[in-house]
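**Q** Pasting a structure below so you can have a look.
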Amino acid sequence: MPGQIIPIIPRTATMELPLPGSIGRPDYAPGERAELIARIKQLLKEKDAVLVAHYYTDADLQMIADETGGYVSDSLDMARFGNEHPASTLVVAGVRFMGETSKILNPEKRVLMPTLQAECSLDLGCPAEQFVPYCDANPDRTVVVYANTSAEVKARADYVVTSSIGVDLIRWLHAQGKKVLWAPDQHLGRYIQEQTGADMLIWQASCIVHEAFKAEALKNLKELHPDAAVLVHPESPKAVIELADRVGSTTQIIKAAQELPNKMFIVATDNGILYKMKQAAPDKTFIEAPTAGEGATCESCAHCPWMAMNDLRNLAYVLETGANEIHVEESVRKKALKATQRMLDFARDHKKGVLGKGNA
Ligand code: 13P
Ligand code: SF4
């Protein structure tokens with residue numbers, strides 16, 4: 001039956017948020033920030049390294065990537081860029097699955113991360129020990145996993161996707177009569193199921209950042225700003241997606257902010273994206289979508305605590321010492337490569353566009 005829900009809530013004991021005080025921009029001593037930025041730029045050259053950062057990381061890291069020939073993007077393009085760039089060391093500022101994806105695609109390169117503690121609730125919510133037997137119990141289904149998963153989970157998959165190509169890939173599988181087992185994001189899975197009509201078994205993990213967006217408060221904000229367009233990442237709950245003018249990956253909603261005629265946008269994704277959004281559309285105004293319910297004290301805290309663990313100090317440290325190298329066991333890597341390479345091939349062969357209303 002289309003849109004079936006897997007009847008388990010996989011949560012692991014390891015799903016702990018970073019300790020208070022271990023996240024957010026550090027209090028730099030006077031002159032320290034400028035000194036670190038200069039040192040990192042120098043070290044990137046000396047070590048034949050390139051910095052690949054996600055949109056949700058600190059603005060300083062995004063700025064360094066931009067100014068040193070590195071790259072700031074969504075998880076699909078980070079993988080693609082790292083795969084195509086000639087540097088012998090890739091420094092991936094993001095969360096662990098992003099570093100692992102780079103290593104899966106580039107075994108000959110050294111892949112470093114500013115921190116190895118940066119997890120993702122989707123990855124944690126889909127442990128391979130539970131996922132593999134579930135796939136084995138459903139042998140008639142094509143296994144499609146979101147990039148936000150461990151190398152072991154990718155190794156059991158037929159395809160890896162990111163939010164920028166999820167709808168396109170599953171529509172393509174559906175057209176071939178394939179039934180899908182989808183993991184781990186329940187909201188993205190349901191969104192894709194609704195867009196494509198595919199027969200999908202949907203794993204029940206979620207993103208702690210996007211799940212916090214509140215539809216009622218967003219409705220009220222829309223009423224206050226009737227001319228604003230609402231941009232939503234599809235990891236958000238259904239009621240929030242229903243209020244969207246555009247739904248898409250991080251890159252796709254930045255594009256939407258440039259292309260739509262509106263002068264104001266309400267943005268339902270991690271607020272790290274605002275650095276690039278403001279660069280892409282400097283004449284427009286952006287408001288963070290509310291994560292607090294009515295009467296709560298903070299309007300929005302939409303920031304991934306794990307992405308926030310990447311900072312100038314740990315970036316300089318790994319470049320200096322070679323610490324925090326990502327390793328993926330070779331037999332796992334080889335299996336995970338198949339499904340991950342299919343993602344890059346599919347993205348290359350099929351035109352991707354902004355997902356969702358008016359564009360699906
Ligand atoms: P993107 O693929 O859109 O960059 O999303 C990755 C992610 O972790 C979103 O929370
Ligand atoms: Fe994972 Fe959500 Fe953080 Fe993205 S924002 S890395 S999906 S926890």
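**Q** Can you figure out the FRET efficiency of Glu46 with Glu223, using R₀ = 41 Å and their beta-carbon distance, to the nearest 0.05?
**A** FRET efficiency, Glu46 to Glu223: 0.15.
**Q** While we're looking at this one, here's another question. Ratio of Rg to Rh for the chain, alpha carbon only, Kirkwood?
**A** Using only Cα positions, Rg/Rh for the chain is 0.95.
**Q** Another question, if that's okay. Highest mean first, what order results for 27-34, 87-94 on Cβ atoms within 10 Å?
**A** Ranking the peptides 27-34, 87-94 by packing returns 87-94, 27-34.
**Q** Based on DSSP H runs of at least 4 residues, each adding -39500 (n - 2.57), what is the mean residue ellipticity at 222 nm of the chain after dividing by all its residues, to the nearest 500 deg cm²/dmol?
**A** Counting only the DSSP helices, I get -11500 deg cm²/dmol.
**Q** Number of Lys pairs in the range 210-288 with C-alpha atoms less than 13 angstrom apart, excluding same-chain neighbours closer than eight positions?
**A** 8
**Q** Ranking Asp283, Asp227 by Cβ neighbours within 10 Å, fewest first, what do you get?
**A** Listing Asp283, Asp227 from fewest to most nearby Cβ atoms yields Asp283, Asp227.
**Q** Check Met264: other-chain or 5+ apart residues with amide H under 5 Å from its amide H, H built from backbone geometry?
**A** Distant-sequence amide H within range of Met264: Ala229, Thr285.
**Q** Would you please classify the overall shape of the range 151-196 from the alpha carbon gyration tensor, given that a ≥ b ≥ c denote the square roots of the eigenvalues, rounded means a/c under 1.5, and beyond that prolate means a/b larger than b/c while oblate covers the rest?
**A** In terms of gyration-tensor shape, oblate.
**Q** In addition: For Leu188, what charge total do you get from the other residues with a beta carbon under 12 Å from its beta carbon, if Lys and Arg give +1 and Asp and Glu give -1?
**A** -2
**Q** At 18 angstrom or more along the helix axis (alpha-carbon based) and mean Kyte-Doolittle of 1.6 or higher, what helices does the chain contain? Whole DSSP H runs only.
**A** Passing helices, by number: none.
**Q** Still on this structure, I have one more. Quick check on the range 210-288: take the gyration tensor over C-alpha atoms, sort the square-rooted eigenvalues as a ≥ b ≥ c, and tell me if it's rounded (a/c under 1.5), prolate or oblate.
**A** Oblate, since a/c reaches 1.5 and b/c is not below a/b.
**Q** For the range 315-329 and the range 145-198, what is the centre-to-centre distance using only Cα atoms, to the nearest Å?
**A** Cα centres, the range 315-329 to the range 145-198: 31 Å.
**Q** Per the Kirkwood definition applied to all pairs of different Cα atoms, how many angstroms is the hydrodynamic radius of the range 132-230?
**A** When all Cα pairs of the range 132-230 are included, the Kirkwood radius is 14.8 Å.
**Q** What percentages make up the Cα-Cα pair-distance distribution of the range 234-345 when the bins are 5 Å wide from 0?
**A** Each 5 Å bin holds this share of Cα pairs: 2, 9, 14, 15, 14, 15, 14, 10, 6, 2, 0.
**Q** With springs only between Cα atoms under 10 Å, which of Met200, Met343, Met63 fluctuates most in a Gaussian network model of the chain?
**A** Maximum among the listed residues: Met63.
**Q** Still on this structure, please answer the following. Using amide H atoms built in the peptide plane, which far-off residues or other-chain residues are under 5 Å from Leu201 H to H?
**A** Result for Leu201 returns Val180, Leu181, Trp182.
**Q** Also: Quick check: from the Cα gyration tensor, does the range 91-180 come out rounded (a/c under 1.5), prolate or oblate?
**A** Prolate, because a/c is 1.5 or more and a/b exceeds b/c.
**Q** If you don't mind, there's one more thing I want to ask. Just tell me which lysines come within less than 23 Å, Cα to Cα, of Lys334; anything on the same chain fewer than 8 places away is out.
**A** Lys103, Lys109, Lys154
Throughout, read-outs are computed from the coordinates displayed, never taken from laboratory work. Bear in mind the structure is a predicted one, so any value in this text is a computation, not a measurement. Methodologically, a virtual Cβ is constructed for each residue, glycine included, from the backbone with ideal geometry; neighbour enumeration extends over all protein chains shown.
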